[in-house]
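So the structure is just underneath, and the comments pick up after that.
The values are calculated or read from the model by the stated rules, or taken from the named source; none is laboratory data. Since the structure is predicted, the reported quantities are computational estimates derived from the model, not experimental observations. Using ideal geometry, Cβ is built from the backbone for each residue, glycine included, and neighbour counts are taken over all protein chains shown. Ligands, DNA and RNA are stripped out before the accessible areas are found, and what is left, the full protein with its side chains, is counted by its heavy atoms. Shrake-Rupley method; radii C 1.70, N 1.55, O 1.52, S 1.80 Å.
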Amino acid sequence: MTTVAVRQVRQVSRSRRSSARAGYVVKSVLLWTFALLFVLPFVWMLSSSLKRNLDVFAIPVRWIPDPVQWQNYVEVWTSGAVTMAVFFANSLTVSLIGVVGDLTTSAMAGYAFARLTFRGRDKVFLLYVATAIVPMQLLLIPRFMFFQQLGLYNTLWALILPGIFTVFGTFLVRQAFLAVPQELGEAARIDGAGEWRVFSRVYLPQIRSTLAALAIISFVGSWNDYEGPLIMLSNQNLYTVPIGLTRFVDADGGLSAGLAMAGSASSVIPILIIFLAFQRQFVAALASSGLK
């Protein structure tokens, strides 16, 4: 290879490296910009939770509170006939029982629709998935009347039971089971394993990342649910966190902004804990779904 050819190859290599670096810089700037846009409301909420009411909506925005009102958090957790701790306990009860129930029913139903053979299986699955097109708001009144007749109105079970059976969970887990090689189950059956053992010992461990992702989604959905508790509960001692936060709005529509932001900031803590606990599995589930 001549000297001229070597120089040309080096120039092409440098130009490619430069364009790659420029592309990397542009992508990084865009990603950081979008990240800051998403984080900005959360930062404003934290900042506002430590401000006086008159400073929350001040223009220009003061990102650093002065003075710092730690009393907002104390008042949120200790004031009122029913404290925030009661709302947290109710929300945790509803969310945790709902998550366990959702994972259990979704795993069993997903396995049945994916790996068991019975007449009309695919048609039943399509009919079940088709129920997802019905808006949840359309079912609130029928659900209210149904639970009232069962004597479950104004109880936490009226919030727990609908979250135990979900179309999304069944669909998600079924797709995960279909991705597991069928030969694993057949080998286990040849070795004498029963259907329950094949399900619990062979297939279920293969979809742990999907179950972790479903647990996060189910917990967040149940924790943030506002319409369900609003319709099903009238006893303040049973209120969940989203309904409990409305006590910072008075009858005339006045808002105690600092207290509301402190309560909102406190309500994010369990969601962060759940996400951090299952973060690795959640990312693995997203990565595996992207490779299919």
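Charging the Cβ of each Asp and Glu at -1 and of each Lys and Arg at +1, and nothing else, the dipole of the chain about its Cα centre rounds to 1700 debye. Rounded to the nearest whole Hz, the Karplus-based 3J(HN,Hα) values (6.51 cos²θ - 1.76 cosθ + 1.60, θ = phi - 60°) of segment 151-164 follow the sequence x, 9, 5, 6, 10, 5, 5, 5, 9, 6, 4, x, x, 6, with x at glycine and proline. How high is the FRET efficiency from Val29 to Leu127, r the C-beta distance, R0 45 Å, rounded to 0.05? My answer for the efficiency is 0.40. Could you work out the relative contact order of the chain? I mean the mean sequence separation of Cα pairs under 8 Å and 6+ apart, divided by the number of residues, in percent. Relative contact order, the chain: 29 percent.
What segment 50-167 shows is 61 Å² of accessible area per residue, with the surface traced by a 1.4 Å probe over protein heavy atoms. Cα centroids of segment 208-230 and segment 149-172: 12 Å apart.
Dimensions of segment 47-174 from C-alpha coordinates, computed as largest minus smallest value along each principal axis and given longest first, are 69, 36, 26 Å. Share of carbon and sulfur in the accessible area of the chain stands at 67%, probe radius 1.4 Å. An oblate overall shape is assigned to the chain, the ratio a/c of its alpha-carbon gyration tensor axes (a ≥ b ≥ c) being 1.5 or greater and a/b not exceeding b/c.
Under the shape rule built on the C-alpha gyration tensor, where the axes satisfy a ≥ b ≥ c, segment 80-247 is prolate, since a/c reaches at least 1.5 and a/b is greater than b/c. Over segment 140-268, Cα pairs under 8 Å with separation of 6+ residues give a relative contact order of 28 percent.
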